[in-house]
Amino acid sequence: MRTLTGIILGFLLAVGVAYVHDNGAPPGQNMVNWDVAHRSFQSATAEIRDQWHRLTARGEDHSTI
């Protein structure tokens, strides 16, 4: 459990530091392209949501799975 907590906290710390750095950085010197990161995150969450709905569908035809 400590390992999982450490991984999550490390990820959040890395993203937080990049965000703080990019807010104070001059234009064109950002570490992260936040528009691309946002689109990628939205795409990933939509795919996960679609897969979850496919897995939990009830009473539907599952012949395409």
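The values are calculated or read from the model by the stated rules, or taken from the named source; none is laboratory data. Here the structure is a predicted model, which is why all the values come from computation and not from measurement. Note: ideal-geometry Cβ built from the backbone for every residue, glycine included; neighbour counts use all protein chains shown.
Here is a list: Gly24, Gly28. Which entry is at positive phi, loosely packed, with under 10 Cβ neighbours inside 10 Å and modelled with pLDDT under 95?
Gly28
Would you please name the residue that is nearest to the chain's Cα centre (by Cα), looking only at residues in region 1-20 that are of a type in the set (A, V, I, L, M) and surrounded by fewer than 10 Cβ atoms within 10 Å (Cβ to Cβ)?
Among those that are of a type in the set (A, V, I, L, M) and surrounded by fewer than 10 Cβ atoms within 10 Å (Cβ to Cβ), it is Leu4.
Please state which one of Arg49, Arg58 is of a type in the set (D, E, K, R) and modelled with pLDDT of 95 or more.
Within the list Arg49, Arg58, the selection yields Arg49.
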